[in-house]
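Since the structure comes first, as structure tokens, the remarks are kept for the end.
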Amino acid sequence: MNGKTIWQRVVMCGTLVAATAVCMTGTANAATTACFSQSYSDGAKIVPGTGGGHVTRAITLQKARNTWDDWVWRGTKAQCARDGNPCPYSWSESETVNTGWAIGGGTDLGNSSSPSKKWYNVVLPLVVGYQKTTEISKNVSIGVTAKPGQTAQPVMIAVRRWTQGNWAGGWVRTNRGCQSGTTYEWNGNARFGNWSRNVFVEKKVGWAINGRI
């Protein structure tokens, strides 16, 4: 190995990084091997990457063909008399509601699972729409005419689509020990865990007649 090749490799070891990755080796641009202490890896088979050229990403694998209506707001329901004439209604008030951009579903860390579940804090924010909200508002007058015996109710709806995926990229545990823990190797194609969410597609506002749009 010539001197130039030696200087192109980096070894970062020492007390300052002993609590997390006590040693990383690889090219100057991105280390490919890391020595993680037990307190950092928490024993996970795959440790998500958080920086330094190694970042785990969320992958969307499937979207449902059909959407569904999430009724995020319902106004006062009006009843048209059964023995009377058709009843015209109008809704001219300004209404605004906030709802989650992606709601429901589930999350499984898979090979990134650990006793403390610490890696949830890293991978959850990667999921589409995590903690993001969307505003649905109605500020123009709309009207409807109900037939005798029908009920009419103004509504706001978030149209959603069920979406699922997993995560890609992580530090994969090896069977090799190191100075202060276990050796992990970076694999940008490693897949683990799964997630699903009901993702916002569009908004609808209008009237529900007898409970239906």
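The values are calculated or read from the model by the stated rules, or taken from the named source; none is laboratory data. Being a predicted model, the structure only gives us computed values, none of them experimental. Neighbour counts run over all protein chains shown; Cβ positions are idealised from the backbone, glycine included. To get the accessible areas, we keep the full protein, side chains included, count just its heavy atoms, and leave off ligands, DNA and RNA. Shrake-Rupley method; radii C 1.70, N 1.55, O 1.52, S 1.80 Å.
In Å, what Rg and Dmax follow from the Cα atoms of region 57-137?
Expressed in Å, the Cα Rg and Dmax of region 57-137 come to 21.0, 66.
Expected output is a single nm value to one decimal: the length gained when fully extending between Asn175 and Ser116, i.e. 0.36 nm times separation in residues minus the C-alpha distance. What is it?
19.1 nm
Could you report region 55-213's accessible area per residue, 1.4 Å probe, as an integer in Å²?
In whole numbers, region 55-213 has 56 Å² accessible per residue.
Using only DSSP helix segments of four residues or longer, with each worth -39500 (n - 2.57), what per-residue ellipticity at 222 nm results for the chain after dividing by its residue count and rounding to 500?
Using -39500 (n - 2.57) per qualifying helix, the result is -1000 deg cm²/dmol.
Just the number, please: carbon plus sulfur as a percent of the accessible area of the chain, 1.4 Å probe, no ligands or DNA/RNA counted.
Exposed carbon and sulfur together represent 48 percent of the surface.
Hey, what's the per residue convex hull volume over the C-alpha atoms of the chain, in cubic angstrom?
161 Å³
Please give, to one decimal in nm, the separation of the simple spin-label points placed at Glu202 and Gln131, each 7 Å out from Cα toward the Cβ.
A separation of 3.1 nm, rounded to one decimal place.
Rg and Dmax of region 140-213, using alpha carbons, in Å: what are they?
For region 140-213, the Cα-based Rg and Dmax read 25.9, 81 Å.
Quickly rank 82-92, 102-112, 50-60, 153-163 as a protection proxy: mean count of other C-beta atoms within 10 Å, highest first.
So the peptides 82-92, 102-112, 50-60, 153-163, ranked by packing, come out 153-163, 102-112, 50-60, 82-92.
Under a plain spin-label model, where a point goes 7 Å from the Cα along Cα-to-Cβ, how far apart in nm are Asp108 and Arg74?
For the pair Asp108/Arg74, the computed spacing is 3.4 nm.
So what's Rg/Rh here for region 78-202, counting alpha carbon atoms and using the Kirkwood radius for Rh?
1.31
Go ahead and run the numbers for FRET between Ser90 and Arg65, Cβ-Cβ distance against an R0 of 35 Å, rounding to 0.05. Spell out each step's value before the answer.
Numbers: r = 36 Å, r/R0 = 1.03.
The pair Ser90/Arg65 has a calculated efficiency of 0.45.
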